[in-house]
Every structure is written in C-alpha cells, then in structure tokens.
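J.: Sending over a structure as structure tokens; questions will come in a sec.
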Amino acid sequence: MTDHLPLSRAAGVVAFGYAAFLALRLLQPEEAVMVEGGWAELRPSMVEYFACYGAAALAAILLFAVIIMGHVADPTQLIATYLAVVLLAAGSLGIGFAGLFTKTRWDHRQVTHRNAMGRETKLDWADVRAVRPNWRGITITGTSGHITFSQFHAGAAQLARHASTRARRNSETAAKAFAA
C-alpha cells in the first residue's frame, strides 16, 4: 500500500529540518529581555519561528502540489500528501498559539502570562508551589492557577530557575510555619 510513497524524500526533509532545528538552538539566547519597569520577558526563539512558519510554508507548497498535480497523480500519494498538509497546518497553528503569540513576563513580585486569545494569568511569587516540565514546556503551579511556557523561548531557563528557587523557598517557609 505504501510502495508508491516517496518515503526517502520525506526522510530527507525530516533530517534537514532536524539539522536546522539544532543549528537554530545554538543561536538561542539564554537570558530574558529586560523591558520597562523592571520586567523581564520571554521571547520566541528562532526555533519556534522556523517551526511555525516552515511548517506553514511546507503545507502551502504541498497543497499547491495536490491542486496542480491532483489529476495525474496516484490516489494514494494524493491522500498521503493531503494528510501531510493537514498535519503540518495543524502543527503550525499549534506552535503559533502555544508559543509565538503568547507573552510571559515577570518582576520581583509576580509572573504574568497572556495566551494567544488574550486571557491573562498572574501568579505572585509567594504563591508558587511547583515547577515541572511537561510535553508543552514548563509549568509553574501556584495556589491560584498555573502558567505554562515553551522551553524554547529565550530566557525560559532563567525563568524556570527563578521559579524553582521561589517554589523551594516557599515550601521551606511553609514547613517552618507548620513546624512552629
């Protein structure tokens, strides 16, 4: 059933994409961007831009190929190509909504996160209880909610270290208060 699919070409595209991903990771800054009023802010990295816009461009090219060559190509190839278009477009939208169009910033009092739809979550540093990695990035959990941000953002490691330190300090303070 898959004899007619260009799997070697697809493997080449995946290998090239992974090589580009690794090269762009080398260019990613580790420090957050300092903005007005003493706030530090996460910024999307080149990896996220490449993944989002590269997937969208590849989906557009493949869709163009399906439209132009649809009348002469093998139906199995057309279905596989169309499925790839749908998956690439969905991946591009997911990366855009989860990474590119969000805003995460923090100062000495709180951390705030605004998602792509405009919903804002604020956590006071005194309320931070845990910091954990997950499949979408890193999640900071507090008593009033949680914030998830991409580990690929510039400054993500800095924010994760700061949040881990605050969570550890908060648990030590809570343990001392409970013991007294």
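J.: If I stretch the segment between residue 178 and residue 49 completely, what's the gain in nm (0.36 nm per residue apart, minus their alpha carbon distance), one decimal?
T.: Going from the current span to full extension adds 41.8 nm.
J.: Something else: Once each part is reduced to its C-alpha centroid, what is the distance from the stretch 123-159 to the stretch 36-81 in angstrom?
T.: Using only Cα atoms, the two centres lie 28 Å from each other.
J.: Can you give the three extents of the C-alpha atoms in the chain along their principal axes, from longest to shortest, in whole Å?
T.: Taking max minus min along each principal axis of the Cα atoms, the chain gives 78, 34, 29 Å.
J.: Let's see if you can work this out: charge +1 on each Lys and Arg Cβ, -1 on each Asp and Glu Cβ, no other charges. What is the dipole magnitude of the chain about its Cα centre, in debye to the nearest 20?
T.: Dipole magnitude for the chain comes out near 640 debye.
J.: As I understand it, the dipole of the chain uses +1 on the Cβ of Lys and Arg and -1 on the Cβ of Asp and Glu, about the Cα centre. Which of 123, 22, 89 lies farthest toward its positive end?
T.: 123
J.: Would you mind telling me the share, in percent, of accessible area of the chain contributed by carbon and sulfur at probe 1.4 angstrom?
T.: 65 percent
J.: Ok, one more. If you wrap a convex hull around the Cα atoms of the stretch 108-178, how much volume per residue is inside, in Å³?
T.: That works out to 91 Å³ per residue.
J.: Oh, and also: Net charge near residue 38, counting Lys/Arg +1 and Asp/Glu -1 over other residues with Cβ under 10 Å of its Cβ?
T.: Taking every Cβ under 10 Å from that of residue 38, the sum is -1.
J.: Can you tell me the accessible area per residue over the stretch 1-155, all protein chains present, probe 1.4 angstrom, in square angstrom?
T.: 62 Å²
J.: Take residue 164 and residue 87, extend 7 Å from each Cα along the Cα→Cβ direction, and tell me the distance between the two endpoints in nm.
T.: Here the modelled spin labels are 3.3 nm apart.
J.: Output the peptides 102-115, 129-142 sorted from most to least packed, where packing is the average of other Cβ atoms within 10 Å over each peptide's residues.
T.: 102-115, 129-142
J.: What are the residues whose amide H is under 5 Å from the amide H of residue 110, where those residues sit 5 or more places off or on another chain and H is modelled from the backbone?
T.: 125
J.: Can you check what the net charge comes to around residue 138, using other residues whose Cβ is under 13 Å from the Cβ of residue 138 (Lys, Arg +1; Asp, Glu -1)?
T.: For residues surrounding residue 138, the net value is +3.
J.: Along the charge dipole of the chain, which of 160, 174, 55 sits closest to the positive end, that is, farthest toward it, with unit charges on the beta carbon of Lys, Arg, Asp and Glu (+1, +1, -1, -1)?
T.: In the chain, that residue is 174.
The values are calculated or read from the model by the stated rules, or taken from the named source; none is laboratory data. Quantities reported herein were computed from a predicted structural model and do not represent experimental measurements. Every residue, glycine among them, receives a Cβ derived from its backbone with ideal geometry; neighbour counts consider all protein chains shown. Note: areas computed on protein heavy atoms with side chains; ligands, DNA, RNA excluded. Shrake-Rupley method; radii C 1.70, N 1.55, O 1.52, S 1.80 Å.
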